[in-house]
Amino acid sequence: MKAFARLLDRLSFSPQRNVKLTLLEDYLRHAPDPERGRALASLTGELVFDEAKPAMIRKAIEARLDPMLFALSYDFVGDLAETVALAWPAEHRPGKVWSAEGAERFSVRPCDQQKSHGANAEPELPEVVDTLRSASRREVPQLLERWLDALDTDGRWALLKLLTGGLRVGVSARLAKQALANLGGVEVAEIEELWHGQRPPYEDLFAWLEKRGEKPSADAPARFRPVMLAQALDEAEDFPKLDPADYAAEWKWDGIRVQAVNEGGQRRLYSRTGDDIGKSFPDVLQALNFEGALDGELLILRDGHIGGFGELQQRLNRKTASADLIAKFPAGIRAYDLLLDGEEDVRRLSFAERRKRLEAFVARLHSTHIDLSPLQPFADWEELRRLRAQPPKGDAERAEGLMLKRWDSIYEAGRPKGPWFKWKRDPHLVDAVLMYAQRGHGKRSGFYSDYTFGVWRADENGDEVLTPVGKAYFGFTNEELLKLDKFVRDNTVERFGPVRAVRAVKDFGLVLEIAFEGLQRSTRHKSGVAMRFPRVNRIRWDKPAREADTLSELEKILVQEGS
Amino acid sequence: MPNFTELLCPDEAGLYCPPGGFHIDPVRVVERAVITHGHGDHARTGHGAVLATRETLAIMASRYGADFAGTSEEARYGQAVKRGGVEVTLVPAGHILGSAQVVLKWKGLTIVVSGDYKRRRDPTCAPFEPIACDVFVSEATFGLPVFRHPDDGGEVAKLLQSLRQFPERTHLIGAYALGKAQRLLALLREAGYGETIYIHGAMQNLNALYESFGVALGTTAPATTDRRANRHDRLEGRIVIAPPSATQDRWSRRFAEPLLGFASGWMRVRARARQQGVELPLILSDHGDWDELTGTIAEIKPQELWVTHGSEEALLRWSSLNGVTAKALELVGYEDEET
């Protein structure tokens, strides 16, 4: 448990993706089987416990620690699991009265002494997992207490995170798979393809990655097939080289990419990285009345029309979906490719051929939950450019842009250069005022590189005040970063830890032109809106703060997007 | 027996001993002061006469110049001196080099002012000695049950593991310039780390002072490099120790993708570490944790416990649960050097 606990600890303090990858890879390289497999399962969400409810944890600590001391502690720390991990008074602490050489005895921590005195051995991760699996609900509190006694602080923290479900250390299943790929020097697509045939603790998988064994078979029923991705189109670079006759165009839908599989009655709905998201979408699973594998976009679908991304978000990242929620936000798939037609793997066929099969496949379904992503006919790139700027009325207005697919392209995993392009609509732009800046990490350590910006809004007295609408941390060059950092330092009005509030009033402030992909209503933000992919497009050193945009101007985009 | 407060009582300058005519760690300029240790909030400049250990006097001279007080007198650990009718003895507190508890004996009364202290082993200073007394005056910097400092060795191992994992990054560790920095150096050497350790300019004098008192710190060098140097010369894969404020500032940009660590007892609480943008929290404190504080009180068994500064509320609660008479002195002016 120690190594796993230390890994979680380090991960939780490391915001950078590459750092997390190094930590994960290093752990997976050094931890023994089956511990690392169990750890991997918990990190990728294959292993979910929610046995220990906060009330149970609270009860456990209150039986051990004076309620007032607990209250003072909780008040200081602010997080229940962490408070318990820290304040848990393990039994059999060394005697309260020490000998004269007290200082000597304190060269080791009390908990370590306790162990050498024959208390319970620290439980290892596989033991915790296996025991919990077979334990009844009634037994969990006793197990919890016993383990809390035997573990040290970091171990207790890791245990409580594991037991309450959701490690929340900023590691996605995708990232964990990338770490596995790095460990074995293989492509992450290879891991994704065989992932669903593997079960914890993944000993065969590790054996293969460490060149000690055969590659495990990917041949699991209803397995995930790695998806084909598109390159971003560079108009100036690419168009002169491309012949419009070679390409089909279709709208780029603003949902999430999914793969829907039904093989021999086994139904699965996968995200584009191979995470099984079927549990959140029972309505979609029920509609998979076919034999095959579809590639398409998961969207809110009502009477053949799509909803906005904000509506889809009501359904994402939920473990289950209530009947109410499903009725209010019915989900469906807009299909754009076919990987498996019946039992036949069609990935080696051309896009033109797959498209014909897809049209027939979807037509046979007669489903309100699955429809076809239509092709958009066009004569030349100019016409397509016009369509992209001014999409026809209807669903296309909600599209993120266009997709171009070569008629003769086979379906290949990864992001090959040439066969598929995405051509996004131009981003929305807003002029906002810099309000807060936060220090970055790694190469940006010592620089204020994360910027919170706001727009003007009338408060209850009718005064114009700034309200934060987003946060951006890229889109500027290193030279610009130096200038931004200097501006922040020269104009700080308040500090909160690593965050500085900068001077931002009508007569003084820095205007940032922010580019973003879309806007959603949000109850979590004071302004009531949340941006997608905001970044700094330009720094408007020239523009007075009073001329920055207002919240009502920003809200017009909500109306445009119909969300 | 006289009242305890006849021997020691708080006044506007701090703790005052009326029969001895001196203050202990006064926060204002006074005529006569006994100083427990060299941290700035305890050892101020400008007093008329100062009594302290040789190490503490040297630290004060190094920080404030030779004329930091009108006169100064060196007290040896364990050797009593008379002040008025009061017998004053300094005994080790285990906090930093030269740190001392002040033992006051007068008319059959014994009061121990512990200053700042810790109970675990520290290679840079003499260990705390528990002294039986009527009144024990304790700090409570980490006086909450959530503060249980882990084993030092584990924290140093965490740093060494990170150096192995991220050999391309400078490991920039914030540590208070007096005490913590030298302890971290000494602990790294004990763990077998033999490389040159780079230090911020603000620490050089204090390091030299520690070494002059026989505390070996190994090879150190000034952390001089700049952003324009090539990567190799920007101390990649090296340990740099600097005062916490410097690690947070432009100064840190000269290093190779610095990985920011901070050696402090406050790092025990995750939100505190995160607020400061720390990637590698090292829980290393020169103050006793909850177990050390409560264990010390239980060991000494004073008639009364007086709590000077920190989280006194929890410690008072613990005292009442454990049958110890306790009160908070609510002294002001002591900062916490680990912040």
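Derivation of every value follows stated rules applied to the coordinates shown; laboratory data play no part. Bear in mind that the values here come from a model prediction, so they are computed numbers and not experimental data. Quick reminder, even Gly has a Cβ in these numbers, built from the backbone with ideal geometry, and neighbours come from all protein chains shown.
Odds and ends about this structure:
- Cut-off under 5 Å, modelled amide H: who pairs with A:Ile256 long-range: A:Leu298
- Counting only alpha carbon atoms, the long axis of helix A:54-64 and the longest principal axis of chain A meet at about 10°.
- Stokes-Einstein translational diffusion, segment A:421-512 - Kirkwood Rh over all Cα pairs, 1.306 mPa s, 10 °C, in µm²/s: 111
- Rounded to 5, the percent of DSSP beta bridges in the protein assembly as shown classed as antiparallel: 70
- Backbone N atoms of segment A:397-437 closer than 16 Å to the 7 Å Cα→Cβ label point of A:Leu242 belong to residues A:400-410, A:415-426.
- Shown in residue order for segment A:414-428 are the 3J(HN,Hα) couplings computed by the Karplus curve 6.51 cos²θ - 1.76 cosθ + 1.60 at θ = phi - 60°: x, 10, x, 8, x, x, 10, 10, 10, 10, 6, 5, 4, x, 6 Hz (x for Gly and Pro).
- When you restrict to C-alpha pairs under 8 Å that are six or more residues apart and normalise by the size of chain A, the relative contact order lands at 11 percent.
- Computed [θ] at 222 nm, deg cm²/dmol, the protein assembly as shown (DSSP H ≥ 4; -39,500 (n - 2.57); rounded to nearest 500): -9000 deg cm²/dmol
- Whole-Hz Karplus values for segment A:348-357 come out as 8, 7, 6, 4, 4, 5, 5, 4, 4, 5 Hz, taken residue by residue from phi with 6.51 cos²θ - 1.76 cosθ + 1.60 and θ = phi - 60°; glycine and proline positions read x.
- Computed label-point distance, nm, for sites B:Thr196 and A:Lys356 using a 7 Å Cα→Cβ extension: 7.3
- Cα long-axis angle, helix A:140-150 against chain A (0 to 90 degrees, to the nearest 10): 60
- Degrees, to the nearest 10: A:551-561 long Cα axis against longest axis of chain A: 60
- In summary, the convex hull built on the alpha carbon positions of segment B:89-237 has an orientation-averaged projected area of 10.9 nm².
- Eligible lysines near B:Lys158 by straight Cα distance, threshold 26 Å, same-chain separation 8 or greater: A:Lys2, A:Lys20, A:Lys115, A:Lys161, A:Lys177, A:Lys443, B:Lys118, B:Lys180
- Over the C-alpha atoms of segment A:166-244, the Rg to Rh ratio, Rh being the Kirkwood estimate, stands at 1.15.
- Full extension of the chain segment joining B:Gln275 with B:Asn205 gains 22.1 nm, where the gain is 0.36 nm per residue of separation less the Cα-Cα distance.
- FRET efficiency, B:Asn322 to B:Thr5 (Cβ-Cβ, R0 35 Å, nearest 0.05): 0.90
- Amide H contacts under 5 Å for B:Ile241, placed H, 5+ residues apart: B:Ile173, B:Tyr198, B:Ile199, B:His200
- Cβ-defined net charge surrounding A:Arg500, 9 Å radius [Lys, Arg +1; Asp, Glu -1]: +2
- Bridge type composition, chain B - antiparallel percent by DSSP, nearest 5: 35
- Placing a pseudo-label 7 Å from each Cα along the Cα-to-Cβ vector at A:Thr492 and A:Asp234 gives an inter-label distance of 4.0 nm.
- Under 16 Å from a label point set 7 Å out along the Cα-to-Cβ vector of A:Gln314, the amide N atoms of segment A:513-548 belong to A:520-524.
- Simple label model, 7 Å out from Cα along Cβ direction - A:Glu214 to A:Glu553, nm: 6.6
- Under Karplus coefficients 6.51, -1.76 and 1.60, residue-wise ³J(HN,Hα) of segment A:34-48 in Hz, glycine/proline x: x, 4, 5, x, 5, 4, 4, 4, 6, 6, 8, x, 7, 10, 10
- Set against the 2.2 N^0.38 Å expectation for a compact globular protein, segment A:205-315 has a Cα radius of gyration ratio of 1.38.
- Distant-in-sequence amide H partners of B:Glu73 (H built 1.01 Å from N, under 5 Å): B:Val50, B:Leu51, B:Ala52
- Across the protein assembly as shown, Cα-Cα distances exceeding 51 Å account for 30% of all pairs.
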